[in-house]
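Shown next, in C-alpha cells, is the structure this report addresses.
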Amino acid sequence: MKLSKALYFGDFVATPLAALVLAIWALAGRGYLGAGLWALAFLIGIGAWTLVEYAVHRWLYHRVPFFEKFHDAHHADPDGLIGAPSFLAILVLLALFFAPLLVLGFIIASGFASGILLGYMLYMLVHHASHHVIPRPGSLLYTARIRHMAHHYHPMPGNYGVITAFWDELFSTRLHGEGRLSRR
Ligand SMILES: [Zn+2]
Ligand SMILES: [Zn+2]
C-alpha cells in the first residue's frame with residue numbers, strides 16, 4: 001500500500017516505541033532475574049522474526065493473491081514509499097506473538113514480542129536502505145543490498161530473506177549473482 005511520508009517513516013518510531021513500552025511494562029520492579037529472562041526471550045524473538053520475515057515474504061506476499069496485490073506494488077515501484085501501516089502491523093504482530101505467549105508468563109511474552117517488533121523494524125530499515133542507499137563495498141548493507149536486488153531483478157524467484165540469507169540457504173531459495181547494485 002502506498003503510504004504518506006509520515007506514515008511510512010512513522011513505522012521507524014512507532015515499532016521500537018511499542019517494544020520499549022512492552023519492556024518497561026514487563027520489567028518495572030522485577031529485578032535481575034526478570035531482566036535475564038526477558039533478554040533471553042528477546043533474543044529468541046529476534047531470531048524468530050527472521051523466519052517470520054522469510055515465511056511472510058515467500059508464502060504470503062508471493063503466493064496469496066490478497067497480499068500479492070499489495071506486494072506487487074512494491075515490485076512495480078521499488079523506490080516508492082510502500083508498506084503496511086505500522087499501527088496495523090504492530091497490532092497483528094502483538095496478536096500473533098504476544099497474546100498467545102501470555103500463557104508462558106508476562107516477561108517471556110513481552111521479551112519475545114519486543115524481539116519480533118525490533119526484528120520487524122530492522123527489516124524495514126535494511127529493506128529501505130537496500131533501495132535508497134548506495135553502500136560501501138564489503139559492508140553488511142552492501143551484501144544485503146546485492147542480495148535483495150537479486151530478489152527484484154534475478155530471472156529466478158528467491159532471496160526472500162532481507163536481514164539474513166540463512167533461511168534462503170536452508171530452503172534452497174538462495175540466488176547468487178544478477179543482483180545489480182543499482183537499476184539505474
Ligand atoms: Zn518480493
Ligand atoms: Zn524490495
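The values are calculated or read from the model by the stated rules, or taken from the named source; none is laboratory data. These figures come from a predicted structure and were not determined experimentally. Counting neighbours? That spans all protein chains shown, and the Cβs are built from the backbone with ideal geometry, glycine included. To get the accessible areas, we keep the full protein, side chains included, count just its heavy atoms, and leave off ligands, DNA and RNA. Shrake-Rupley method; radii C 1.70, N 1.55, O 1.52, S 1.80 Å.
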Could you say which residue among G34, G80, G105 is surrounded by fewer than 17 Cβ atoms within 10 Å (Cβ to Cβ) and more than 27 Å from L7 (Cα to Cα)?
G105
Taking into account only those residues within the range 83-93 that are touching a residue at least 12 places away in the same chain (Cβ under 8 Å) and farther than 17 Å from I44 by Cβ, which is most open to solvent (accessible area, probe 1.4 Å)?
F87
Name the residue that is surrounded by the fewest Cβ atoms within 10 Å (Cβ to Cβ), counting only residues in the range 140-174 that are within 12 Å of ligand 1 (Cβ to nearest atom) and part of a loop (DSSP other than H, G, I, E, B).
P157
Could you grab me the full set of residues in the range 40-80 that are touching a residue at least 24 places away in the same chain (Cβ under 8 Å), closer than 18 Å to A129 by Cα and in contact with a His (Cβ under 9 Å, 6 or more places away or on another chain)?
H57, H75, P78, D79, G80
If you go through F112, F87, the only one that is assigned to a helix (DSSP H, G or I), farther than 26 Å from W167 by Cβ and within 19 Å of the chain's Cα centre (by Cα) is F87
Whether any residue in the range 121-133 is part of a loop (DSSP other than H, G, I, E, B), within 16 Å of ligand 2 (Cβ to nearest atom) and more than 30 Å from R30 (Cα to Cα) is what I want to check.
yes
Search result, residues across the range 47-82 that are part of a loop (DSSP other than H, G, I, E, B), within 17 Å of the chain's Cα centre (by Cα) and more than 10 Å from ligand 2 (Cβ to nearest atom):
H62, L81
For the range 1-16, enumerate the residues that are surrounded by fewer than 14 Cβ atoms within 10 Å (Cβ to Cβ) and over 23 Å from K69 (Cβ atoms).
A6, V13
